[in-house]
Amino acid sequence: TVSAGTTRFDPTALNFNNATITAGTFTLIRPVQITGTCNQFIVQSSATATFDSQGYALGSWSNAGGSALTCAAVTVNGKFYGGLLALSTSSLTVASNAQMYLQAYNKVIGATAFSLGTSGTFMLNTT
């Protein structure tokens with residue numbers, strides 16, 4: 001759980017069951033592979049999560065494989081910048097006034113259910 005301030009680090013893999021960013025910023029400098037049995041990944045309304053911040057800064061992704069997030073539920077109430085992302089989830093929710101931006105790895109997102117709230121933004125780049 002990230003509950004305030006700024007968390008910025010450069011792992012190649014993370015292993016967790018649940019992740020909640022309640023406030024502040026959670027920044028991964030390069031792409032990351034989320035492993036383990038992830039039940040939920042939540043970005044709360046006053047929080048921002050960024051995967052591959054270096055890729056956003058340079059205007060091209062840090063590697064051709066990008067990041068991977070496989071989690072039962074992904075909920076974005078704040079801002080989530082996924083970079084080049086292989087996303088697989090049973091439930092993807094982008095709440096009212098939330099923002100989620102990503103480029104889908106291999107132009108595919110695996111989501112059994114998707115919900116986009118009023119004034120929520122889901123920007124998917126497939127180029």
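The values are calculated or read from the model by the stated rules, or taken from the named source; none is laboratory data. A quick note: this is a predicted structure, and the numbers were derived from the prediction, not measured. Only protein heavy atoms, including side chains, enter the accessible area calculation; ligands, DNA and RNA are left aside. Shrake-Rupley method; radii C 1.70, N 1.55, O 1.52, S 1.80 Å.
Which sequence of LEU92, LEU116 reflects their accessible areas, 1.4 Å probe, from the largest down?
Sorted by accessible area, descending: LEU116, LEU92.
Whose amide H sits under 5 Å from the amide H of PHE122, counting only residues 5 or more places off or on another chain, with H placed in the peptide plane?
Amide H neighbours of PHE122: MET100.
Subtracting the Cα-Cα distance from 0.36 nm times the residue separation, let me have the gained length for THR118 to GLN40 in nm, one decimal.
Here the answer is 25.9 nm.
In Å³ and rounded to a whole number, note down the convex hull volume per residue for the Cα atoms of the range 69-127.
Once divided by residue count, the hull of the range 69-127 is 62 Å³.
Of THR48, THR112, THR89, THR70, which has the most accessible area and how do the rest follow, probe 1.4 Å?
Listed by decreasing accessible area, they come as THR112, THR70, THR48, THR89.
With an 8 Å Cα cut-off and a minimum separation of 6 or more residues, compute the relative contact order for the chain in percent.
Worked out over the chain, it gives 18 percent.
So how do THR25, THR50 rank on accessible area, 1.4 Å probe, biggest first, that is with the largest at the start?
THR25, THR50
Could you tell me the accessible area of PHE122 in Å² (1.4 Å probe, neighbours in place), rounded to the nearest ten?
60
Kindly provide the Kirkwood hydrodynamic radius of the chain in Å, to one decimal, from all pairs of distinct alpha carbon atoms.
14.2
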